[in-house]
Amino acid sequence: MASKVDSGAVSDRPKLSKESTAKLLEYARQCRRSFYNQCMLRDSMLLVDKYYNRTYGVSEGDVRTKLANMLGKPVRVTDFIVPMVMPQVETATGKLAATFLEGTPIFMAGAGPEHQDAALQFNTVVKENSTHTAWDAEFISTFRDGFKYNICGISINWEVETTWGVKNDNSNNPTRVEVTWSGNKVSSLDMYNTFWDLRVDPSDVAKLGDFVGTTEVMAPAAMKKYTNRLFQLVAPTVIIDALNSKMAENTTNGEHSLYYVPDIVGASQSASKGPISNWASFFGTQTNHNGSVEYAHAYYKTTLFVRIIPSSFGITIAEANHPQIFKLVVINDTVLLEVERQTNAHDMFPMLLSQPYSDGLRLQTKSLAENLMDLQDLSSNMWNATLAAKRRAISDRGIFNPLYIDSKDINNPNPAAKIPLRSAAMYQPISNAYMPIPFRDEQTPAFMNIANGLERFSYVVAGTNPMQQGQLVKGNKTKSEVDDVMEGTDLRERLVTISVRSKLMIPARTIVLTNTLQYQTSTTYMNSEEQKAVEIDPVKLRNATLLFQIGDGASPLDREMSTEEFAVALQTLQAVPAIGAEYRVGELFAHLMSLRGADLRPFRKTQVERMYEQQMAVWQQQAQLAIEKGAAFDVPMPTPPDENAIKQEQANTARQQASTLADMVAAGNKQGQQQ
């Protein structure tokens, strides 16, 4: 089947009439408004974050008590919120990070011997891109959002950045030069300010949805740098209008604000009021004036990807009656700054959404954190009841006669203060002045048993156990029994891993691959694993057939061979010589060591080196026999191998290993499809 090649006839930035611009701007507004009018996702996420940070249910008295404790004046025991949501969320996040992010690079490519160089180039590009834009941190943030809200998103765009570097001038002195970097940039989406087409499943928005977008706040300097990159791409009048636009004041008439700042811990007055509407008062500064531009103190930048039929908006381009993807950038909800047709080969929105727990109910499916919230409440109530009993135990409640004792004296906060009796108590028994009320704490053991049971329920909900969080579990258990327990907990974790792999990581890999093949230019990157500079040739990349392997952690080494089995295997190789007659023992030993993380390939001798050592051993043996017999020995010593011959054989071995890697990856992908 012949493939259609985009010849460039379709303009990336079409010229729009005023009517088309107005229609697109209104469409962008309606996309955002329709989302927030149909769902209350912000409210549910805010509640989850308060449970995650344990900042809910705090009264004014609790704040005063905590401040007194911070000042070194403990006056009472405050109420306590049991940390149950946060540890389970972080454990689940760590497992996904260990599964998908421990590989180097994250998306590793393999190829046959004829395309080995292309695979090395691609792996080098991915490693450089992931290091430059901190892919690991962005994916971890995305995984954490998934377990907190059961909805997460990530943006993967091919970005071009202009930075500065240092080079030598004609006199070999350091000088600053402008450097252009381009590559795949991965950014975690702020789910509080991300909206999408609710008519399709979140995981399918990138392929089937009509829109997805997010809003961010830009400082004036960042906004100026951003508009400078649009020189000769966007009309100057549009850029000036965007720079002169002002942030709309927040309203309470049902119109959702453009940018939402959740109040999680009440750290600032602006946060407690939601979105910041007046940055001038926030920073205490004045508006900047510069010629025809009156800079605002901040800008709302809404980036929106839409799948539209251009003719419906009066856009005259090729194939105007076919759905096409456009990128829209709206500043302060008033100025349509960018309209760019997307010609990506992957034909998806570069914003991916995913749900770790997907049962067909979309946003109604509860997240891991939401399933733990009621358990955290009940457990906190049990602990607070116990603390209330302890406060009662040290409060020394009693009944006193105000005619005999002054209330100020008996309520003196000084624990060493003496209590004087009034004159009316003369010749009266002291028991007539004060009678203590004994405290009987009979419910605390029951409360603690309930709290411990609720903690066990939290592990049932999360599908984990205390050992996976590094907690010591007392009891006499063998290694096999512990492995059986851990094996049982892995089953539910693998369900989430498979879901995230198919709905998030594989589409992300597809975008990274197609962007690299489509936009990568010739350059040179340093490969730390190979310890050499790698020349990137886009032509070789596009001509190569690459195979991929992601999620190495989804098949842990302990599942393949336990520590005891590994030790027995090494002893058996040494004790049974018959194994050497059936298998190549040296290669088998290297494979077993590689399973435990030790790479022996850099230390392997070449065939010419092994032949030289064998010939040298035979020559030494013959020479020793001749000396013992007293006979003349004129056989010349074997010649050491040539350095060029060693390098040539190392190159041939590397090509063979590349072919082996390609076969292994292909077999792993085939097995994954069958599962």
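Counting the residues of region 227-249 that are free of Cβ contacts under 8 Å to residues at least 12 places away in the same chain and closer than 29 Å to residue 511 by Cβ gives 3.
Of the residues making up region 291-314, just one is free of Cβ contacts under 8 Å to residues at least 40 places away in the same chain and among the β-branched types (Val, Ile, Thr), namely 309.
Here is a yes/no grid of residues against (1) part of a loop (DSSP other than H, G, I, E, B); (2) surrounded by fewer than 12 Cβ atoms within 10 Å (Cβ to Cβ); (3) modelled with pLDDT of 85 or more:
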| residue | (1), (2), (3) |
| --- | --- |
| 388 | no, no, no |
| 392 | no, no, no |
| 409 | no, no, yes |
| 413 | yes, yes, no |
| 421 | yes, no, yes |
| 427 | yes, yes, no |
| 453 | no, no, yes |
| 467 | no, no, no |
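The C-beta contact set for region 10-23 (first residue farther than 13 Å from residue 317 by Cα and modelled with pLDDT of 95 or more, second residue surrounded by 14 or more Cβ atoms within 10 Å (Cβ to Cβ) and of a type in the set (A, V, I, L, M, F, W, C), distance under 7 angstrom, 6+ apart or interchain) comprises 21/336; 23/313. The set of residues in region 194-221 being under 30 Å from residue 39 (Cβ atoms) and in a helix (DSSP H, G or I) consists of 202, 203, 204, 205, 206, 207, 208.
Restricting attention to region 476-512 and to residues that are over 17 Å from the mean Cα position of the chain (by Cα) and among the polar types (S, T, N, Q), the residue that is modelled with the lowest pLDDT turns out to be 476. Of the helices (runs of 4 or more DSSP H) lying entirely inside region 568-675, the ones with 3 or more residues being exposed (fewer than 11 other Cβ atoms within 10 Å of the Cβ) and modelled with pLDDT under 80 are found at 643-674.
Would you confirm whether any residue within region 165-172 is in contact with a Pro (Cβ under 7 Å, 6 or more places away or on another chain), open to solvent by 60 Å² or more (accessible area, probe 1.4 Å) and not aliphatic (A, V, I, L, M)? Break it down stepwise before answering.
If we filter region 165-172 for residues that are in contact with a Pro (Cβ under 7 Å, 6 or more places away or on another chain), which is where we start, we get 166, 168.
Cutting the leftovers down to open to solvent by 60 Å² or more (accessible area, probe 1.4 Å) gives us 166, 168.
Checking which are not aliphatic (A, V, I, L, M) leaves us with 168.
So far as region 165-172 goes, yes, one or more of its residues are in contact with a Pro (Cβ under 7 Å, 6 or more places away or on another chain), open to solvent by 60 Å² or more (accessible area, probe 1.4 Å) and not aliphatic (A, V, I, L, M).
Per the listing 327, 273, the residue uniquely open to solvent by 10 Å² or more (accessible area, probe 1.4 Å) and modelled with pLDDT of 95 or more is 327. When region 512-527 is filtered for residues that are in contact (Cβ under 8 Å) with a residue 60 or more places away in the chain, open to solvent by less than 70 Å² (accessible area, probe 1.4 Å) and either part of a loop (DSSP other than H, G, I, E, B) or more than 15 Å from residue 158 (Cα to Cα) (or both), the ones remaining, listed by number, are 520, 525, 527. Checking region 50-65 against the condition returns a match, with at least one residue being modelled with pLDDT under 95, of a type in the set (Lys, Arg), farther than 30 Å from residue 544 by Cα and over 33 Å from the mean Cα position of the chain (by Cα).
Considering only residues that are modelled with pLDDT of 60 or more, outside any helix (DSSP H, G or I) and of a type outside the set (Asp, Glu), which ones fall in region 530-561? Explain how you work it out, then say what you get.
First pass over region 530-561, keeping only residues modelled with pLDDT of 60 or more: 530-548.
Adding the requirement that they be outside any helix (DSSP H, G or I) leaves 530-537, 544-548.
If the condition is that a residue be modelled with pLDDT of 60 or more, outside any helix (DSSP H, G or I) and of a type outside the set (Asp, Glu), then 531, 532, 533, 534, 536, 544, 545, 546, 547, 548 are the ones that fit.
Considering region 238-269, the residues that are among the aliphatic types (A, V, I, L, M) and in a loop (DSSP other than H, G, I, E, B) include one that is modelled with the highest pLDDT, namely 261.
The values are calculated or read from the model by the stated rules, or taken from the named source; none is laboratory data. Source: prediction; values computed, not measured. Cβ: placed from backbone, ideal geometry, glycine included. Neighbour counts: every protein chain shown. With ligands, DNA and RNA removed, areas are computed over all heavy atoms of the protein, side chains included. Shrake-Rupley method; radii C 1.70, N 1.55, O 1.52, S 1.80 Å.
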